[in-house]
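Chemist: One structure, pasted below without further comment.
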């Protein structure tokens, strides 16, 4: 995964070099976006329910647990219009935070985690599981105008790739009995599925933007689900994402009116 990061560093430096040659065309963009995770649990986790009465189905897997999560990100980028402003290239820095949690299914009060121990199977009763991970990445993007080339309102299509590194991570198991909390480290280490140090993915979006007379751009985008290159990405949930939303404001470094 390191070669992706090195490649993006090189390409980002190339874009910044081009921008230095055309200072009046540079915009600095602040962005914020979010998307939900599909909630599908990683197959490594085995949740069941204790027998009730003389008859029960010994289900295993995810029948008694549900997952949910969200990705938030914010970034600062430099933009350079090329090809007579039909295409915009952008690169910069982005911070991404991934929050995920596993909860009991609607008809159960607790999570019953079956854990393969050396002496057999241990059953841990949990209230929930949650994980928060932060990444610092370098995005490289290009967008092209689809509609409104001669208008202040434009519809555009964007494609991008980002690569980065994990800068913080916290995984927690919330045991129903406080005395069992000492087993948290053992259980997490036993699954040995800690998120990768490196993080990268392809992404695309469809956007609408308004360019004001002073060159400021206001934009909103529908972001398509990510296509991940890195793995494993997270401990509890699969990397499947749902469509998201992004908002951005681009400020020109030169106040002269331009599109």
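What follows is calculated from the coordinates using simple rules that are stated; it is not laboratory data. The structure displayed is predicted, hence computed values, not measured ones. Heads up, the Cβs are rebuilt from the backbone with ideal geometry, glycines too, and the neighbour counts pull from every protein chain shown.
Chemist: Set the Förster radius R0 to 35 Å, insert the Cβ-Cβ distance between residue 144 and residue 231 as r into 1/(1 + (r/R0)^6), and round the FRET efficiency to 0.05. Spell out each step's value before the answer.
Modeler: Numbers: r = 30 Å, r/R0 = 0.86.
After rounding to 0.05, the efficiency reads 0.70.
Chemist: Another question, then. Could you tell me how many cubic angstrom of Cα convex hull volume the stretch 199-259 has per residue? Don't skip to the end; give the middle numbers.
Modeler: Working: hull volume 6.2 nm³, N = 61.
Dividing the Cα hull volume of the stretch 199-259 by its residues yields 101 Å³.
Chemist: A further question on this structure: Highest first, please rank the peptides 26-37, 124-135 by the mean number of other Cβ atoms sitting within 10 Å of their residues. Numbers along the way, then the final one.
Modeler: Details: 26-37: 17.7, 124-135: 19.2.
Sorting 26-37, 124-135 by mean packing, highest first, produces 124-135, 26-37.
Chemist: Beta carbons within 10 angstrom, averaged per residue: use that to sort the peptides 69-78, 176-185, highest first. Don't jump to the answer; show the numbers that get you there.
Modeler: On the way: 69-78: 18.4, 176-185: 11.7.
Per-residue mean Cβ counts within 10 Å order the peptides as 69-78, 176-185.
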